[in-house]
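Have a look at the structure that comes next, please.
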Amino acid sequence: MIEYKSPAQIEAIGVAGALVRRTLNAVREAAGPGVRLKELDDLAQRVIADGGGVSAYIGYHPVWAPSPYPRVLCVSVNDVIVHAIPDRSRLRPGDLVSVDLALLVDGWCADAAISFTIGEPSAADRRLMDATEAALAAGIAAARPGGRLGDISAAIGKVIRASGFGLLADHGGHGIGTSMHQEPHVANEGRARRGLKLSPGLVIAIEPMLQAGGRDDYQHCKDGWGIRTADGSRAAHFEHTIAITASGVRILTA
Ligand code: MF3
Ligand code: CO
């Protein structure tokens with residue numbers, strides 16, 4: 001069932017979204033050579049608590065996972081695409097880092113992700129991150145009241161396929177609201193003018209995940225949480241939570 005939100009509830013998700021953005025900005029600022037991934041998680045925990053937020057990740061235990069998720073961030077480095085548990089390893093110059101964060105404020109959840117490099121990006125990493133952000137922007141631009149969910153998926157997929165990079169098979173965005181993962185699933189590829197009608201009150205997270213090697217397949221990390229590219233190439237991930245309103249689309253994690 002799809003949970004349609006009132007304008008006031010969309011505002012409430014925007015409050016959570018602002019804290020998501022503040023936290024991601026703090027993490028990006030703090031990320032540098034020698035910094036441990038776990039230290040970034042500790043920092044995020046403080047920012048979230050100071051902002052009156054509650055992690056949507058800690059204790060999250062989907063059926064496919066071996067254990068409840070133990071941290072507030074996913075920090076996925078280089079060939080790890082998503083869902084990596086921040087550990088004691090240290091960032092190094094040139095690392096391509098994706099940070100994903102969902103939290104609740106007053107019972108309403110927002111979800112966003114960013115990718116960046118430690119130091120100046122290589123030309124190849126710049127292209128990969130730019131293509132991922134362009135795919136996200138295209139998905140958001142295609143989200144119009146009266147349109148269809150397939151318009152969003154098709155727009156994302158078109159940018160990804162034109163780039164020559166791969167996507168992450170079996171993974172995409174999702175409805176979000178009183179919980180992190182709701183209907184509908186938002187595929188990163190699809191057919192325009194198909195699927196759910198985009199009506200005011202629909203709130204979704206859009207999240208293209210791109211693989212530099214051009215493949216879509218993936219492998220699981222040993223811990224059962226992280227997902228890495230099958231070919232060892234690098235990956236990028238950008239995500240926003242957006243709302244369909246009567247007057248258009250609103251980005252709630254900007
Ligand atoms: N934000 C991620 C997504 O929407 C969810 C990660 S859940 C975690 O796919 F608990 F594993 F972190
Ligand atoms: Co998400």
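Across segment 93-131, which residue is nearest to ligand 1 (Cβ to nearest atom) among those that are open to solvent by 30 Å² or more (accessible area, probe 1.4 Å) and part of a helix (DSSP H, G or I)? Please lay out each step first, then the result.
Of the residues in segment 93-131, the ones open to solvent by 30 Å² or more (accessible area, probe 1.4 Å) are 93, 104, 106-108, 119-124, 126-127, 130.
Next cut, part of a helix (DSSP H, G or I) only: 123-124, 126-127, 130.
Values: A123: 28, A124: 25, R126: 24, R127: 24, D130: 22 Å.
Within segment 93-131, the match that is nearest to ligand 1 (Cβ to nearest atom) is D130.
Same structure, new question: Looking only at residues that are basic (K, R) and within 16 Å of ligand 1 (Cβ to nearest atom) in segment 192-241, which one is nearest to the chain's Cα centre (by Cα)?
Let us first name the residues in segment 192-241 that are basic (K, R), namely 193-194, 197, 215, 222, 228, 234.
Those left that are additionally within 16 Å of ligand 1 (Cβ to nearest atom): 222, 228.
Details: K222: 22, R228: 15 Å.
Within segment 192-241, the match that is nearest to the chain's Cα centre (by Cα) is R228.
I've got another one for you. Assess whether D111 counts as being more than 13 Å from the chain's Cα centre (by Cα) and of a type outside the set (F, W, Y).
Values: more than 13 Å from the chain's Cα centre (by Cα): no; of a type outside the set (F, W, Y): yes.
No; evaluated as a whole, the condition is false for this residue.
Which of the residues spanning segment 41-78 are of a type in the set (D, E, K, R) and under 24 Å from L96 (Cβ atoms)? Even if it seems obvious, please write down each step before you answer.
Of all residues in segment 41-78, those of a type in the set (D, E, K, R) come to 41-42, 46, 50, 71.
Correct list: D41, D42, R71.
Now for a different question. Consider segment 40-52. How many of its residues are in contact with a strand residue (DSSP E or B) (Cβ under 9 Å, 6 or more places away or on another chain) and either within 13 Å of L24 (Cβ to Cβ) or surrounded by 17 or more Cβ atoms within 10 Å (Cβ to Cβ) (or both)?
Matching residues across segment 40-52 total 6.
Something else about it: Among the strands (runs of 3 or more DSSP E) contained in segment 152-254, which hold 2 or more residues that are among the aliphatic types (A, V, I, L, M)? Quick ask: steps written out before the conclusion?
Values: elements: 173-175, 182-186, 203-206, 209-211, 218-220, 227-229, 235-237, 240-245, 248-251.
Result: 203-206, 209-211, 235-237, 240-245, 248-251.
Please give the number of the condition D87 fails out of (1) within 16 Å of ligand 2 (Cβ to nearest atom); (2) open to solvent by 30 Å² or more (accessible area, probe 1.4 Å); (3) closer than 20 Å to A30 by Cα.
For D87, the exception is condition (1).
Tell me which residues, restricted to segment 53-63, are more than 8 Å from ligand 1 (Cβ to nearest atom), open to solvent by 20 Å² or more (accessible area, probe 1.4 Å) and either in contact (Cβ under 8 Å) with a residue 24 or more places away in the chain or of a type in the set (D, E, K, R) (or both).
Correct list: V54, S55.
Can you run down the residue pairs with Cβ atoms below 6 Å, 6 or more apart or on separate chains, where the first is in segment 178-201 and among the small types (G, A, S) and the partner is assigned to a loop (DSSP other than H, G, I, E, B) and crowded, with 17+ Cβ neighbours inside 10 Å?
Within 6 Å, the pairs are A187/G172; G201/K5.
Quick one: L149 ticks every box in (1) within 15 Å of ligand 2 (Cβ to nearest atom); (2) buried (at least 20 other Cβ atoms within 10 Å of the Cβ) except a single one, so which number is it?
The one condition L149 does not meet is (1).
Please enumerate the residues belonging to segment 28-39 that are touching a Phe, Trp or Tyr at 6+ places or on another chain (Cβ under 8 Å) and open to solvent by less than 30 Å² (accessible area, probe 1.4 Å).
Within segment 28-39, just A31 meets the criteria.
Show the residue pairs that are 6+ apart or on different chains and have beta-carbon atoms under 8 Å apart, the first residue being within segment 24-48 and under 9 Å from L91 (Cβ atoms), the second being assigned to a helix (DSSP H, G or I) and open to solvent by 30 Å² or more (accessible area, probe 1.4 Å).
Taking only residues 6 or more apart or on different chains, the pairs are L40/A30.
The values are calculated or read from the model by the stated rules, or taken from the named source; none is laboratory data. Since the model is a prediction, treat every value here as computed from it, not as a measurement. A quick note on method: Cβ atoms are made from the backbone with ideal geometry, for glycine too, and the neighbour counts reach across all protein chains shown. All accessible areas refer to the heavy atoms of the entire protein, side chains included, with ligands and DNA or RNA removed. Shrake-Rupley method; radii C 1.70, N 1.55, O 1.52, S 1.80 Å.
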